[in-house]
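Okay, structure first, notes after.
The values are calculated or read from the model by the stated rules, or taken from the named source; none is laboratory data. Just so you know, these numbers come straight off a predicted model, no measurement behind them. Virtual Cβ from ideal backbone geometry, glycine too; neighbours counted across all protein chains shown.
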Amino acid sequence: MYDYLIVGSGLFGSVFAHEAKKKGYKCLVVEKREHIGGNIYTYELEGINIHRYGAHIFHTSNKEAWDYINQFATFNNFVNSPIAFYKDELYNLPFNMNTFSKMWGIRTPQEAEAIIKKQRQEVTKIENLEDQAISLVGRDIYEKLIKGYTEKQWGRSCTELPPEIIKRLPVRYTYNNNYFNDIYQGIPIGGYTQIIEKLLDGIEVRLNTDFCKEKEKLSKIANKILYTGALDAYFDYSLGHLQYRSEKFELERLEEENHQGVAVVNYTEREVPYTRIIEHKHFENSSSPVTYISKEYPVDYSETGEPYYPINDKVNTELYNKYRELAKKDDKLLLGGRLALYSYFDMDKTIIAALELVKNSLN
Ligand code: FAD
Ligand code: UDP
(Lines give C-alpha, C1' and ligand atoms only; values in the text may rest on other atoms or scores of the structure.)
(Ligands and ions follow the chains in the order given, each with its own letter.)
Protein backbone atom coordinates (compact mmCIF):
# COMPACT_ATOMS: atom_id res chain seq x y z
CA MET A 1 0.00 0.00 0.00
CA TYR A 2 1.30 3.47 -0.91
CA ASP A 3 0.70 6.60 1.14
CA TYR A 4 0.37 8.70 -2.03
CA LEU A 5 -0.47 7.87 -5.60
CA ILE A 6 0.67 10.83 -7.67
CA VAL A 7 -0.94 11.10 -11.07
CA GLY A 8 1.36 12.99 -13.46
CA SER A 9 5.14 13.39 -13.39
CA GLY A 10 5.10 17.07 -14.37
CA LEU A 11 6.70 19.75 -12.21
CA PHE A 12 3.81 19.80 -9.73
CA GLY A 13 3.61 16.05 -9.17
CA SER A 14 7.39 15.72 -9.02
CA VAL A 15 7.89 18.50 -6.42
CA PHE A 16 5.12 17.00 -4.29
CA ALA A 17 6.52 13.46 -4.60
CA HIS A 18 10.01 14.67 -3.71
CA GLU A 19 8.85 16.47 -0.58
CA ALA A 20 6.56 13.62 0.46
CA LYS A 21 9.42 11.12 0.13
CA LYS A 22 11.66 13.39 2.22
CA LYS A 23 9.04 13.25 4.96
CA GLY A 24 9.01 9.46 4.83
CA TYR A 25 5.87 8.86 2.78
CA LYS A 26 5.78 6.02 0.30
CA CYS A 27 4.84 7.33 -3.14
CA LEU A 28 4.02 5.92 -6.55
CA VAL A 29 3.98 8.21 -9.60
CA VAL A 30 1.97 7.21 -12.67
CA GLU A 31 2.48 9.00 -15.96
CA LYS A 32 0.54 8.46 -19.15
CA ARG A 33 3.27 9.72 -21.48
CA GLU A 34 6.37 7.68 -22.30
CA HIS A 35 8.58 10.12 -20.40
CA ILE A 36 8.65 12.07 -17.14
CA GLY A 37 8.55 15.86 -16.80
CA GLY A 38 5.21 16.89 -18.30
CA ASN A 39 5.49 19.95 -20.50
CA ILE A 40 8.92 21.01 -19.28
CA TYR A 41 10.51 17.86 -20.74
CA THR A 42 13.69 18.42 -22.76
CA TYR A 43 15.95 15.96 -24.59
CA GLU A 44 19.26 16.24 -26.38
CA LEU A 45 19.93 16.09 -30.13
CA GLU A 46 23.42 16.73 -31.52
CA GLY A 47 24.47 18.79 -28.52
CA ILE A 48 21.25 20.83 -28.41
CA ASN A 49 18.60 20.54 -25.70
CA ILE A 50 15.19 20.43 -27.36
CA HIS A 51 12.21 21.93 -25.53
CA ARG A 52 9.71 19.36 -26.77
CA TYR A 53 6.58 21.21 -25.62
CA GLY A 54 7.55 24.77 -26.54
CA ALA A 55 10.01 27.32 -25.16
CA HIS A 56 10.37 27.08 -21.39
CA ILE A 57 12.11 30.01 -19.78
CA PHE A 58 12.28 30.07 -16.02
CA HIS A 59 11.54 33.52 -14.61
CA THR A 60 10.36 34.59 -11.21
CA SER A 61 10.49 37.28 -8.57
CA ASN A 62 9.85 34.72 -5.87
CA LYS A 63 13.08 33.87 -4.06
CA GLU A 64 11.65 30.68 -2.60
CA ALA A 65 10.82 29.31 -6.07
CA TRP A 66 14.22 30.38 -7.45
CA ASP A 67 16.18 28.83 -4.55
CA TYR A 68 14.11 25.68 -4.79
CA ILE A 69 14.73 25.05 -8.51
CA ASN A 70 18.42 25.96 -8.19
CA GLN A 71 18.93 22.94 -5.94
CA PHE A 72 18.46 20.72 -8.97
CA ALA A 73 20.32 22.52 -11.79
CA THR A 74 22.68 25.38 -12.53
CA PHE A 75 20.98 28.15 -14.45
CA ASN A 76 22.59 30.28 -17.16
CA ASN A 77 22.00 34.01 -17.64
CA PHE A 78 19.58 33.70 -20.58
CA VAL A 79 17.30 36.71 -20.99
CA ASN A 80 14.32 36.26 -23.27
CA SER A 81 14.25 39.03 -25.91
CA PRO A 82 11.99 37.81 -28.69
CA ILE A 83 11.56 39.40 -32.08
CA ALA A 84 8.16 39.91 -33.71
CA PHE A 85 7.60 39.73 -37.46
CA TYR A 86 4.58 41.39 -38.95
CA LYS A 87 4.60 40.93 -42.74
CA ASP A 88 8.05 42.31 -43.67
CA GLU A 89 8.45 44.44 -40.59
CA LEU A 90 10.55 43.45 -37.60
CA TYR A 91 9.94 44.70 -34.04
CA ASN A 92 11.44 44.12 -30.61
CA LEU A 93 9.28 42.68 -27.84
CA PRO A 94 7.96 43.23 -25.26
CA PHE A 95 6.39 46.60 -26.02
CA ASN A 96 9.16 49.09 -25.27
CA MET A 97 10.94 52.11 -26.73
CA ASN A 98 12.58 49.98 -29.45
CA THR A 99 9.10 48.85 -30.56
CA PHE A 100 7.64 52.37 -30.39
CA SER A 101 10.58 53.91 -32.20
CA LYS A 102 10.32 51.42 -35.08
CA MET A 103 6.53 51.77 -35.25
CA TRP A 104 6.36 55.57 -35.29
CA GLY A 105 9.87 56.83 -36.10
CA ILE A 106 10.19 58.56 -32.73
CA ARG A 107 12.98 58.71 -30.16
CA THR A 108 11.78 59.85 -26.75
CA PRO A 109 9.46 58.35 -24.11
CA GLN A 110 7.46 61.59 -24.16
CA GLU A 111 6.73 61.17 -27.89
CA ALA A 112 5.67 57.55 -27.36
CA GLU A 113 3.47 58.42 -24.40
CA ALA A 114 1.75 61.18 -26.37
CA ILE A 115 0.92 58.83 -29.28
CA ILE A 116 -0.38 56.06 -27.01
CA LYS A 117 -2.36 58.52 -24.92
CA LYS A 118 -4.11 59.76 -28.04
CA GLN A 119 -4.80 56.27 -29.41
CA ARG A 120 -6.16 54.95 -26.13
CA GLN A 121 -8.87 57.62 -26.04
CA GLU A 122 -11.14 55.38 -28.14
CA VAL A 123 -11.48 52.98 -25.18
CA THR A 124 -13.86 54.07 -22.47
CA LYS A 125 -14.43 50.76 -20.68
CA ILE A 126 -12.27 47.62 -20.56
CA GLU A 127 -14.47 44.65 -21.25
CA ASN A 128 -12.25 42.36 -23.28
CA LEU A 129 -8.70 41.77 -24.52
CA GLU A 130 -9.04 44.23 -27.42
CA ASP A 131 -10.02 47.10 -25.09
CA GLN A 132 -7.23 46.20 -22.70
CA ALA A 133 -4.59 46.02 -25.45
CA ILE A 134 -5.55 49.34 -27.04
CA SER A 135 -5.63 50.96 -23.65
CA LEU A 136 -2.09 49.72 -22.91
CA VAL A 137 -0.32 50.33 -26.23
CA GLY A 138 -2.73 51.99 -28.66
CA ARG A 139 -4.37 50.78 -31.85
CA ASP A 140 -1.30 50.61 -34.15
CA ILE A 141 0.52 48.11 -31.97
CA TYR A 142 -2.68 46.23 -31.27
CA GLU A 143 -3.35 45.79 -35.01
CA LYS A 144 0.19 44.71 -35.94
CA LEU A 145 1.55 42.84 -32.95
CA ILE A 146 -1.40 41.63 -30.89
CA LYS A 147 -4.59 41.05 -32.83
CA GLY A 148 -3.42 38.40 -35.34
CA TYR A 149 -1.18 36.59 -32.87
CA THR A 150 -3.81 36.44 -30.16
CA GLU A 151 -6.63 35.37 -32.45
CA LYS A 152 -4.64 32.47 -33.86
CA GLN A 153 -3.26 31.55 -30.43
CA TRP A 154 -6.69 31.36 -28.83
CA GLY A 155 -8.86 30.54 -31.85
CA ARG A 156 -11.31 33.32 -31.09
CA SER A 157 -11.72 37.05 -31.51
CA CYS A 158 -9.94 39.47 -29.16
CA THR A 159 -13.33 40.89 -28.27
CA GLU A 160 -14.32 37.49 -26.83
CA LEU A 161 -11.19 37.02 -24.72
CA PRO A 162 -10.58 38.12 -21.12
CA PRO A 163 -8.37 41.24 -20.65
CA GLU A 164 -5.95 39.48 -18.23
CA ILE A 165 -4.11 37.47 -20.90
CA ILE A 166 -2.45 40.54 -22.42
CA LYS A 167 -1.44 41.90 -19.03
CA ARG A 168 1.17 39.14 -18.87
CA LEU A 169 3.36 41.26 -21.18
CA PRO A 170 5.32 44.27 -19.90
CA VAL A 171 4.85 47.71 -21.47
CA ARG A 172 7.76 50.01 -20.74
CA TYR A 173 9.04 53.38 -21.84
CA THR A 174 12.70 52.36 -21.78
CA TYR A 175 14.93 50.70 -24.41
CA ASN A 176 14.82 47.34 -22.62
CA ASN A 177 13.98 44.17 -24.58
CA ASN A 178 13.73 41.82 -21.58
CA TYR A 179 10.41 39.99 -22.06
CA PHE A 180 9.97 39.61 -18.30
CA ASN A 181 10.04 42.03 -15.37
CA ASP A 182 11.21 39.37 -12.92
CA ILE A 183 14.33 39.53 -10.77
CA TYR A 184 15.49 36.00 -11.63
CA GLN A 185 15.60 34.41 -15.09
CA GLY A 186 17.49 31.65 -16.87
CA ILE A 187 17.61 28.24 -18.51
CA PRO A 188 18.93 25.20 -16.64
CA ILE A 189 22.24 24.24 -18.24
CA GLY A 190 21.67 20.72 -19.60
CA GLY A 191 17.88 21.09 -19.85
CA TYR A 192 14.89 20.59 -17.57
CA THR A 193 14.63 16.80 -17.51
CA GLN A 194 17.57 16.49 -15.08
CA ILE A 195 15.50 18.53 -12.57
CA ILE A 196 12.62 16.07 -12.72
CA GLU A 197 15.02 13.10 -12.60
CA LYS A 198 16.54 14.45 -9.41
CA LEU A 199 13.14 15.25 -7.90
CA LEU A 200 11.95 11.71 -8.59
CA ASP A 201 15.18 10.00 -7.56
CA GLY A 202 14.35 6.92 -5.49
CA ILE A 203 10.60 7.13 -6.21
CA GLU A 204 8.76 4.42 -8.13
CA VAL A 205 7.46 5.73 -11.48
CA ARG A 206 5.23 3.88 -13.93
CA LEU A 207 5.28 5.38 -17.43
CA ASN A 208 2.67 4.76 -20.15
CA THR A 209 0.03 4.45 -17.43
CA ASP A 210 -3.17 6.43 -17.84
CA PHE A 211 -4.76 6.68 -14.40
CA CYS A 212 -8.21 7.34 -15.84
CA LYS A 213 -8.17 4.03 -17.72
CA GLU A 214 -7.34 2.08 -14.55
CA LYS A 215 -8.95 4.36 -12.00
CA GLU A 216 -10.69 1.75 -9.94
CA LYS A 217 -7.69 -0.53 -9.60
CA LEU A 218 -5.13 2.23 -8.98
CA SER A 219 -7.30 4.12 -6.48
CA LYS A 220 -7.18 1.10 -4.18
CA ILE A 221 -3.42 0.91 -3.84
CA ALA A 222 -2.88 4.22 -2.03
CA ASN A 223 -4.35 6.05 0.94
CA LYS A 224 -4.39 9.39 -0.88
CA ILE A 225 -4.30 10.49 -4.51
CA LEU A 226 -2.69 13.64 -5.84
CA TYR A 227 -4.16 14.15 -9.29
CA THR A 228 -2.46 16.63 -11.68
CA GLY A 229 -4.32 15.72 -14.91
CA ALA A 230 -7.40 17.35 -16.44
CA LEU A 231 -10.28 17.42 -13.96
CA ASP A 232 -13.02 16.65 -16.48
CA ALA A 233 -11.12 13.48 -17.48
CA TYR A 234 -10.92 12.38 -13.82
CA PHE A 235 -14.73 12.37 -13.67
CA ASP A 236 -15.04 10.74 -17.08
CA TYR A 237 -16.51 13.98 -18.52
CA SER A 238 -19.73 13.28 -16.62
CA LEU A 239 -20.69 16.98 -16.52
CA GLY A 240 -19.34 17.80 -20.00
CA HIS A 241 -15.99 18.69 -21.55
CA LEU A 242 -13.82 21.60 -20.42
CA GLN A 243 -12.23 23.50 -23.28
CA TYR A 244 -8.49 23.86 -23.76
CA ARG A 245 -6.28 25.38 -26.41
CA SER A 246 -3.75 23.00 -27.88
CA GLU A 247 -0.52 23.29 -29.89
CA LYS A 248 1.34 21.28 -32.48
CA PHE A 249 5.12 21.52 -32.36
CA GLU A 250 6.91 20.76 -35.64
CA LEU A 251 10.60 20.07 -35.19
CA GLU A 252 13.02 20.56 -38.13
CA ARG A 253 16.74 19.92 -38.38
CA LEU A 254 18.59 22.47 -40.50
CA GLU A 255 22.10 22.13 -41.91
CA GLU A 256 23.14 25.59 -40.86
CA GLU A 257 24.74 27.01 -37.78
CA ASN A 258 22.42 29.87 -36.98
CA HIS A 259 18.96 30.12 -38.50
CA GLN A 260 17.25 33.12 -36.91
CA GLY A 261 19.84 34.60 -34.51
CA VAL A 262 17.56 34.50 -31.49
CA ALA A 263 15.71 31.83 -29.47
CA VAL A 264 12.15 33.05 -30.12
CA VAL A 265 10.57 34.79 -33.11
CA ASN A 266 6.84 35.58 -33.00
CA TYR A 267 4.84 35.74 -36.24
CA THR A 268 2.10 38.17 -35.42
CA GLU A 269 0.10 38.31 -38.66
CA ARG A 270 -3.02 36.16 -38.90
CA GLU A 271 -2.10 34.64 -42.28
CA VAL A 272 1.02 32.78 -41.07
CA PRO A 273 -0.38 29.62 -39.45
CA TYR A 274 2.18 29.34 -36.65
CA THR A 275 2.67 31.78 -33.77
CA ARG A 276 6.34 31.20 -33.00
CA ILE A 277 9.53 29.65 -34.27
CA ILE A 278 11.97 28.70 -31.58
CA GLU A 279 15.60 27.89 -32.31
CA HIS A 280 16.58 25.64 -29.44
CA LYS A 281 20.36 26.11 -29.53
CA HIS A 282 20.10 29.77 -28.49
CA PHE A 283 18.71 28.89 -25.05
CA GLU A 284 22.11 27.56 -24.04
CA ASN A 285 24.47 28.98 -26.70
CA SER A 286 25.15 25.54 -28.13
CA SER A 287 28.09 25.49 -30.56
CA SER A 288 26.63 22.62 -32.60
CA PRO A 289 27.33 22.98 -36.35
CA VAL A 290 23.65 22.24 -37.11
CA THR A 291 20.45 23.68 -35.68
CA TYR A 292 16.93 22.60 -34.71
CA ILE A 293 13.87 24.79 -34.91
CA SER A 294 10.27 24.20 -33.81
CA LYS A 295 7.25 25.85 -35.35
CA GLU A 296 4.38 26.25 -32.90
CA TYR A 297 0.90 25.88 -34.44
CA PRO A 298 -2.06 26.64 -32.18
CA VAL A 299 -4.82 24.12 -32.85
CA ASP A 300 -8.10 22.93 -31.49
CA TYR A 301 -7.87 20.55 -28.55
CA SER A 302 -9.86 17.98 -30.49
CA GLU A 303 -7.01 17.77 -33.06
CA THR A 304 -4.35 16.59 -30.61
CA GLY A 305 -6.12 15.49 -27.42
CA GLU A 306 -3.36 17.41 -25.58
CA PRO A 307 -4.72 20.08 -23.23
CA TYR A 308 -2.12 22.88 -23.00
CA TYR A 309 -3.90 26.11 -22.12
CA PRO A 310 -7.10 26.33 -20.05
CA ILE A 311 -9.71 28.67 -21.49
CA ASN A 312 -10.64 30.71 -18.44
CA ASP A 313 -13.88 32.24 -19.72
CA LYS A 314 -17.22 32.32 -17.93
CA VAL A 315 -18.72 29.11 -19.35
CA ASN A 316 -15.62 27.02 -18.67
CA THR A 317 -15.07 28.49 -15.22
CA GLU A 318 -18.62 27.58 -14.25
CA LEU A 319 -18.22 24.03 -15.48
CA TYR A 320 -14.84 23.74 -13.77
CA ASN A 321 -16.34 24.89 -10.47
CA LYS A 322 -18.97 22.15 -10.72
CA TYR A 323 -16.19 19.57 -11.08
CA ARG A 324 -14.46 21.09 -8.06
CA GLU A 325 -17.63 20.54 -6.04
CA LEU A 326 -17.60 16.87 -7.07
CA ALA A 327 -13.92 16.59 -6.14
CA LYS A 328 -14.59 17.99 -2.66
CA LYS A 329 -16.80 15.00 -1.89
CA ASP A 330 -13.79 12.69 -2.18
CA ASP A 331 -11.57 13.20 0.87
CA LYS A 332 -8.92 10.87 -0.55
CA LEU A 333 -8.35 13.23 -3.47
CA LEU A 334 -5.93 16.17 -3.71
CA LEU A 335 -5.69 18.33 -6.83
CA GLY A 336 -2.71 20.25 -8.16
CA GLY A 337 -1.00 21.70 -11.22
CA ARG A 338 -1.95 23.53 -14.36
CA LEU A 339 -4.54 21.03 -15.57
CA ALA A 340 -6.35 19.96 -12.41
CA LEU A 341 -6.53 23.58 -11.18
CA TYR A 342 -7.44 24.78 -14.70
CA SER A 343 -5.04 27.73 -14.35
CA TYR A 344 -2.47 29.39 -16.58
CA PHE A 345 0.45 28.73 -14.15
CA ASP A 346 4.08 29.41 -15.00
CA MET A 347 6.73 27.12 -13.54
CA ASP A 348 7.46 29.30 -10.51
CA LYS A 349 3.78 29.41 -9.53
CA THR A 350 3.62 25.66 -10.00
CA ILE A 351 6.49 25.13 -7.57
CA ILE A 352 5.03 27.50 -4.99
CA ALA A 353 1.59 25.88 -5.27
CA ALA A 354 3.11 22.41 -4.83
CA LEU A 355 5.09 23.52 -1.77
CA GLU A 356 1.93 25.09 -0.37
CA LEU A 357 0.06 21.81 -0.76
CA VAL A 358 2.94 20.00 0.95
CA LYS A 359 2.71 22.44 3.86
CA ASN A 360 -1.04 22.06 4.17
CA SER A 361 -1.42 18.33 3.68
CA LEU A 362 1.81 16.66 4.86
CA ASN A 363 3.27 16.91 8.30
P1 FAD B 1 2.14 19.28 -16.72
O2 FAD B 1 3.51 19.63 -17.12
O3 FAD B 1 1.05 19.36 -17.76
O4 FAD B 1 2.15 17.82 -16.11
C5 FAD B 1 1.02 17.02 -15.94
C6 FAD B 1 1.44 15.58 -16.19
O7 FAD B 1 0.34 14.72 -15.88
C8 FAD B 1 1.78 15.31 -17.64
O9 FAD B 1 3.03 14.66 -17.73
C10 FAD B 1 0.65 14.43 -18.13
O11 FAD B 1 1.05 13.52 -19.14
C12 FAD B 1 0.27 13.71 -16.86
N13 FAD B 1 -1.10 13.20 -16.86
C14 FAD B 1 -2.23 13.88 -17.18
N15 FAD B 1 -3.31 13.08 -17.08
C16 FAD B 1 -2.84 11.86 -16.67
C17 FAD B 1 -3.47 10.61 -16.40
N18 FAD B 1 -4.79 10.44 -16.54
N19 FAD B 1 -2.69 9.58 -16.02
C20 FAD B 1 -1.35 9.73 -15.88
N21 FAD B 1 -0.70 10.87 -16.13
C22 FAD B 1 -1.44 11.93 -16.52
N23 FAD B 1 6.16 28.30 -17.76
C24 FAD B 1 7.20 29.14 -17.48
O25 FAD B 1 7.48 29.41 -16.31
N26 FAD B 1 7.96 29.67 -18.50
C27 FAD B 1 7.71 29.39 -19.81
O28 FAD B 1 8.43 29.88 -20.70
C29 FAD B 1 6.62 28.53 -20.13
N30 FAD B 1 6.32 28.23 -21.42
C31 FAD B 1 5.27 27.41 -21.69
C32 FAD B 1 5.01 27.11 -23.03
C33 FAD B 1 3.96 26.26 -23.35
C34 FAD B 1 3.67 25.96 -24.80
C35 FAD B 1 3.16 25.69 -22.31
C36 FAD B 1 2.01 24.79 -22.64
C37 FAD B 1 3.43 25.98 -20.98
C38 FAD B 1 4.49 26.83 -20.65
N39 FAD B 1 4.82 27.13 -19.33
C40 FAD B 1 5.86 27.98 -19.05
C41 FAD B 1 4.08 26.54 -18.18
C42 FAD B 1 4.71 25.24 -17.66
O43 FAD B 1 4.71 24.29 -18.68
C44 FAD B 1 3.89 24.78 -16.45
O45 FAD B 1 3.95 25.73 -15.41
C46 FAD B 1 4.31 23.42 -15.87
O47 FAD B 1 4.69 22.51 -16.84
C48 FAD B 1 3.16 22.88 -15.06
O49 FAD B 1 3.45 21.63 -14.51
P50 FAD B 1 2.27 20.64 -14.12
O51 FAD B 1 2.90 19.50 -13.42
O52 FAD B 1 1.20 21.39 -13.44
O53 FAD B 1 1.62 20.19 -15.51
N1 UDP C 1 0.84 38.19 -27.36
C2 UDP C 1 0.65 38.94 -28.50
N3 UDP C 1 1.69 39.11 -29.35
C4 UDP C 1 2.91 38.58 -29.13
C5 UDP C 1 3.12 37.83 -27.95
C6 UDP C 1 2.05 37.64 -27.09
O7 UDP C 1 -0.45 39.42 -28.74
O8 UDP C 1 3.83 38.77 -29.95
C9 UDP C 1 -0.32 38.00 -26.44
C10 UDP C 1 -1.10 36.72 -26.76
O11 UDP C 1 -2.46 36.98 -26.51
C12 UDP C 1 -0.57 35.73 -25.76
C13 UDP C 1 -0.36 36.65 -24.55
O14 UDP C 1 0.10 37.88 -25.11
O15 UDP C 1 -1.49 34.70 -25.50
C16 UDP C 1 0.63 36.14 -23.52
O17 UDP C 1 1.87 35.93 -24.15
P18 UDP C 1 2.97 34.93 -23.57
O19 UDP C 1 4.20 35.09 -24.38
O20 UDP C 1 3.05 35.16 -22.11
O21 UDP C 1 2.28 33.54 -23.88
P22 UDP C 1 2.74 32.03 -23.57
O23 UDP C 1 4.24 31.98 -23.71
O24 UDP C 1 2.27 31.73 -22.20
O25 UDP C 1 2.03 31.26 -24.63
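Descriptive notes on the structure:
- Residues that are away from ligand 1 (no atom under 15 Å from the Cβ) and touching a residue at least 60 places away in the same chain (Cβ under 8 Å) within the range 244-259 comprise just one, Arg253.
- The range 334-358 - residue that is among the charged types (D, E, K, R) and farther than 14 Å from Phe16 by Cβ and, of those, surrounded by the most Cβ atoms within 10 Å (Cβ to Cβ): Asp348
- Count of the range 315-363 residues which are in a helix (DSSP H, G or I) and not charged (D, E, K, R): 23
- Strands (runs of 3 or more DSSP E) contained in the range 38-109 and holding at least 1 residues surrounded by 15 or more Cβ atoms within 10 Å (Cβ to Cβ) and within 11 Å of ligand 1 (Cβ to nearest atom): 48-51, 58-60
- Leu362 more than 16 Å from ligand 2 (Cβ to nearest atom) and not small (Gly, Ala, Ser): yes
- Here is the figure for the range 283-307: residues that are within 16 Å of ligand 2 (Cβ to nearest atom) and modelled with pLDDT of 95 or more total 7.
- Restricting the range 226-265 to residues that are basic (Lys, Arg) and modelled with pLDDT of 95 or more, the residue that is farthest from Tyr320 (Cα to Cα) is Arg253.
- Within the range 23-37, the set of residues being assigned to a strand (DSSP E or B) and either touching a Pro at 6+ places or on another chain (Cβ under 6 Å) or within 10 Å of Gly13 (Cα to Cα) (or both) comprises Val29, Val30.
Table: residues versus (1) within 23 Å of Cys158 (Cβ to Cβ); (2) in contact with a helix residue (DSSP H, G or I) (Cβ under 7 Å, 6 or more places away or on another chain).
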| site | (1), (2) |
| --- | --- |
| Ile221 | no, no |
| Tyr227 | no, yes |
| Tyr234 | no, yes |
| Ser238 | no, no |
| His241 | no, yes |
| Arg245 | yes, yes |
| His259 | no, no |
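- Conditions (1) of a type in the set (A, V, I, L, M, F, W, C); (2) within 16 Å of ligand 1 (Cβ to nearest atom); (3) at pLDDT 95 or above: number failed by Leu169: (3)
- Among the residues making up the range 114-155, those that are of a type in the set (Val, Ile, Thr), in a helix (DSSP H, G or I) and more than 27 Å from Glu296 (Cβ to Cβ) are Ile115, Ile116.
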